[in-house]
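Undergrad: The following block contains the structure, expressed as structure tokens.
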Amino acid sequence: MTALTEGLREAAERVHAISLTCWPNQVYCVRDSQGKAMAEPNDEMVREYERLGWKHAGFTRGYDALMNRWNYVKDLREFSNAGELLASYAKNTRRNVKIARNSGVEVRRLNRSELNVFHDICELSSERQHFANRSLDYFERVYDAFGDKAEFMVAEVHLDRYLQSWEEKLAKFSKDVERLERSLEHTKYPDDVRKKLDTAQKNVESARRRIEDANERIARDGEVVPVAVGLFMWHERELVYFSSGSDDRYAKFYAPTALQHEMMSRCLERGVTRYNFYGISGVFDDPEDDGRGVLEFKQGFNGYVEELPGEFTLPVSKLRYGVSDLVHKLLRH
């Protein structure tokens, strides 16, 4: 640490820097999915940085503009296949993966010429959640710079298959209604049959509503609709879920959940044992927090939290840094 700090200071002095800032990729505290500490925080690490002259920005919460201080992670070492992985999720998340699968959701990689699809779906989320989307040019540069280590993925709803599945279900439910109506004429247990008939009739109505909805969606959006996207960065040690977007009109198809399950399953195939869901706000006890939806979505996959120490700044020119720091403090007040 001493050698590294001195080397950085000397390099910064050569280019006449006022200060330099770093965000150590070291775990300060491991927490469970609900934010409870599972071990003592590494305060000694923070003291070591401060002893060497680094100034700590504090233990912040919320989303940082540059680097996350709070990450949500899933350890994949105990799973050998996608079935075991699926079984580890929370009940609702397991259900949502299955709904997506049965609703014609499929995941594939986008090529460079399709990055406008990625950008446009991210734009939908940025408008809804009030954050700035990256430009299409930025995504193209990431694609060119990282090659196969950056995968732009899309989850598409195949509405033609979705429609077909509900038409088949309607035929089955209709036959159930006919069979139960005939049975009602001679059964010894009419009350039981009426209950089953009522359920079958409700199933018919539900199937008809789904078919009507599917036909409306196809007329408006086409038979195959991209509804969720994600940028995933591969490393030997982990796969990072970097950025994403989704079309809220297709929320009940649970395409983002299918996307996460697919990429974790690919980790198992490649032997990558760590899945990094990336940033959360670090606020666990406020249901009104802006990051609550993101937190609950990630918690559904039953991972854990890594709290990093955050931002450290090393003054290089102490006089100029002191003046700059004072000006920033005055401007804040």
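The values are calculated or read from the model by the stated rules, or taken from the named source; none is laboratory data. Bear in mind that the values here come from a model prediction, so they are computed numbers and not experimental data. Cβ sites come from the backbone with ideal geometry, for glycine too, and all protein chains shown count toward neighbours. Remember, those area values only see protein heavy atoms, side chains included, never the ligands or the DNA or RNA. Shrake-Rupley method; radii C 1.70, N 1.55, O 1.52, S 1.80 Å.
Undergrad: Over the range 2-132, calculate the relative contact order: mean separation of alpha carbon pairs under 8 Å at least 6 apart, over the residue count, as a percent.
TA: Across the range 2-132, relative contact order equals 10 percent.
Undergrad: Tell me, what is the percent relative contact order of the chain, built from C-alpha pairs under 8 Å that lie six or more residues apart?
TA: After rounding, I find 38 percent.
Undergrad: Which listed residue (273, 259, 246) has the Cα farthest towards the positive end of the charge dipole for the range 209-322, taking +1 on Lys and Arg C-beta and -1 on Asp and Glu C-beta about the Cα centre?
TA: 273
Undergrad: From the protein chains alone at 1.4 Å, what is the descending order of accessible area for 199, 313, largest first?
TA: From most accessible down to least: 199, 313.
Undergrad: Answer with one residue from 23, 180, 283: the one whose Cα lies farthest towards the positive end of the charge dipole of the chain, charges on Cβ with Lys, Arg +1 and Asp, Glu -1.
TA: 180
Undergrad: Just by accessible area at a 1.4 angstrom probe, what is the order of 204, 294 from largest to smallest?
TA: On the way: 204 10, 294 50 Å².
Result, largest first: 294, 204.
Undergrad: Separate question: Of 80, 183, 125, which has the most accessible area with a 1.4 Å probe, and how do the rest follow in descending order?
TA: 80, 183, 125
Undergrad: Just how much of residue 192 is accessible, in Å², when a 1.4 Å probe is used and the result is rounded to the nearest 10?
TA: In the full protein context, residue 192 sits at about 80 Å².
Undergrad: Report relative contact order for the range 167-286 in percent, whole number only (criteria: Cα-Cα under 8 Å, sequence separation at least 6).
TA: Relative contact order of the range 167-286: 19 percent.
Undergrad: Exceeding 26 Å between C-alpha atoms, which entries from my cross-link table qualify? They are 172/298; 202/252; 169/196; 98/149.
TA: In this structure, 172/298; 98/149 lie more than 26 Å apart at Cα.
Undergrad: What percentage of the solvent-accessible surface of the range 165-277, computed with a 1.4 Å probe over protein heavy atoms, is contributed by carbon and sulfur atoms? Mind showing how you got there, number by number?
TA: Details: 3050 of 6490 Å².
Its accessible area is 47 percent carbon and sulfur atoms.
Undergrad: Right, something else. Explain nothing, just the number: dipole magnitude of the range 151-301 about its Cα centre with +1 on each Lys and Arg Cβ and -1 on each Asp and Glu Cβ, in debye rounded to the nearest 20.
TA: 680
Undergrad: Another question, then. With everything on Cα atoms, drop me the angle between helix 136-146 and the longest principal axis of the chain, reported from 0 to 90° to the nearest 10.
TA: The angle comes out at about 80 degrees.
Undergrad: Further, regarding this structure: Sorted by packing (mean other beta-carbon atoms within 10 Å per residue), highest first, where do 112-124, 133-145 land?
TA: Put in order of decreasing packing, that is 112-124, 133-145.
Undergrad: Tell me, what HN-Hα J-couplings in whole Hz come from the Karplus equation 6.51 cos²θ - 1.76 cosθ + 1.60 at θ = phi - 60° for each residue of the range 222-237, using x for Gly and Pro?
TA: Per residue, the Karplus-derived 3J(HN,Hα) values read x, 7, 10, 10, x, 10, 8, 9, x, 9, 10, 10, 8, 9, 4, 8 Hz.
Undergrad: Something else: Could you size up the charge dipole of the chain around its Cα centre, putting +1 on the beta carbon of Lys and Arg and -1 on that of Asp and Glu, and report it in debye to the nearest 20?
TA: With only Lys, Arg, Asp and Glu charged at Cβ, the dipole is about 500 debye.
Undergrad: Between the range 139-184 and the range 226-254, how far is it from one alpha carbon centroid to the other, in angstrom?
TA: 18
Undergrad: Per residue, how much accessible surface does the range 227-296 expose to a 1.4 Å probe? Answer in Å², no decimals.
TA: Details: 3000 Å² over 70 residues.
I get 43 Å² per residue for this part.
Undergrad: If you don't mind, there's one more thing I want to ask. Stokes-Einstein diffusion coefficient for the chain at 20 °C in a medium of 1.002 mPa s, Rh from the Kirkwood formula over Cα pairs: what value in µm²/s?
TA: For the chosen part, D equals 91 µm²/s.
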